[in-house]
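A short write-up of the structure that comes next.
The values are calculated or read from the model by the stated rules, or taken from the named source; none is laboratory data. Everything numeric here is computed off the predicted structure, so don't read it as measured data. Note that we place each Cβ from the backbone using ideal geometry, even for glycine, and neighbour counts take in every protein chain shown. Areas reflect the complete protein model, heavy atoms only, side chains present, ligands, DNA and RNA absent. Shrake-Rupley method; radii C 1.70, N 1.55, O 1.52, S 1.80 Å.
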Amino acid sequence: MKSDFNPTIRSLIQQKAIRFIGDNERLKHFLKEYFDNVSRGNCKPSFEVSDTPIPIGWDYGETYNLTDYINLPLTKTLLYTIELQANLFTITAHIHSTDGINHQLIYAKKNPNLNYIRPTYHAIYRHLDNSNAFFICQRCNKLVATSERAVDGQSVCIDNHCNTTYKQDFDATCVDRISNTGNIVNVYKDEDKIKFYVASTYWGSPYQSCRFDRVIKTLPLGTTLDEVRAWRKKLEKRQPYPAPCFHCGRVIMEGEGENLSDFVKHKTKSKVCHGCMSKHYRVVF
């Protein structure tokens, strides 16, 4: 079952729908290693350029102190518990209903190798991010237990009875699996559009540069995740940067060089950095 319509780890943190219990020192180490990035809220790219040499930077919004999530009480809004003990690591989903709470074990690791713990930490993170204990109904946009999902596997309430299924106490609008960073072409789900962008450099003067994110394509907010992924791969194949400088070999990004064909008589797709443009072609900046 695909996890496209499941809560993200960031959304769980935003709503305090997850807690951590067990050995405090191990929990703090685990949180720092694997949850530090997602605790900083949503990252907003810098689509505007500036004449100053200082980049506008990223707006991370609200940040969260994850030590506050250690030993949280089990309430109606809590959906997951990660427990780290010396001899047992577990993830438990808390599925709420009119009959109470069903505690469903979704991951367990007995006697983890504490001297080589990173693979186990990674497995915990992966199982939580891909957990299918809940899903977001694509009709009512509410979080529902997977036991009440349509039998044909569609991400809708069973028998299309959105008015009768039990809704978890969770704001599904916080879930964003569209936004994607760390690639050549990145994606950001903005308030009005889905934006594909690349890192670029703006030169306000020959001596001052500023990094910004240049939008190369937009799609409507209703575009499916599969369509977004397909477009990102397609756009990434078309990007000329990053590329090695033809002369010095240094990898340059957009705004850090030009086409070599602008300086030679033959056709080429190679790039040349600003330094080598000055050195080999007497370009003055």
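Values computed for the structure shown
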| item | result |
| --- | --- |
| Failed criterion for T268 (all others in (1) among the β-branched types (V, I, T); (2) out of contact with any Leu (no Cβ under 8 Å at 6 or more places or on another chain); (3) without any contact (Cβ under 8 Å) to a residue 24 or more places away in the chain hold) | (2) |
| Some residue of the stretch 174-191 being over 19 Å from the mean Cα position of the chain (by Cα), within 21 Å of I9 (Cα to Cα) and among the acidic types (D, E) | no |
| Of all residues in the stretch 155-174 being in contact with a Pro (Cβ under 9 Å, 6 or more places away or on another chain) and assigned to a helix (DSSP H, G or I), the one that is modelled with the lowest pLDDT | C174 |
| Selection count, the stretch 188-209, where residues are in contact with a Phe, Trp or Tyr (Cβ under 7 Å, 6 or more places away or on another chain) and in contact (Cβ under 8 Å) with a residue 60 or more places away in the chain | 6 |
| Criterion (within 18 Å of N6 (Cα to Cα), polar (S, T, N, Q) and open to solvent by less than 60 Å² (accessible area, probe 1.4 Å)) met by exactly one of T120, T77, T90 | T77 |
| Selection within the stretch 190-241 - under 25 Å from F5 (Cβ atoms) and among the β-branched types (V, I, T) | I194, T218, T223, T224, V228 |
| Pairs where the first residue, in the stretch 124-141, is within 13 Å of I91 (Cβ to Cβ) and of a type in the set (D, E, K, R) and the second is open to solvent by less than 10 Å² (accessible area, probe 1.4 Å) and in a helix (DSSP H, G or I), C-beta under 6 Å, 6+ apart | D129/I9 |
| Count - residues of the stretch 167-194 that are buried (at least 16 other Cβ atoms within 10 Å of the Cβ) and under 16 Å from A133 (Cβ atoms) | 5 |
| Test for S200: is it crowded, with 17+ Cβ neighbours inside 10 Å and under 19 Å from S46 (Cβ atoms) | yes |
| Tabulated pairs, the stretch 160-171, first without any contact (Cβ under 8 Å) to a residue 40 or more places away in the chain, second open to solvent by 80 Å² or more (accessible area, probe 1.4 Å) and outside any helix (DSSP H, G or I), C-beta under 6 angstrom, 6+ apart or interchain | C162/R139; K167/K142 |
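Quick grid of which residues meet (1) open to solvent by 40 Å² or more (accessible area, probe 1.4 Å); (2) farther than 30 Å from K189 by Cα:
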| site | (1), (2) |
| --- | --- |
| T223 | no, no |
| K237 | yes, no |
| F246 | yes, yes |
| I252 | no, no |
| G257 | no, no |
| S261 | yes, yes |
| K265 | yes, yes |
| K271 | no, yes |
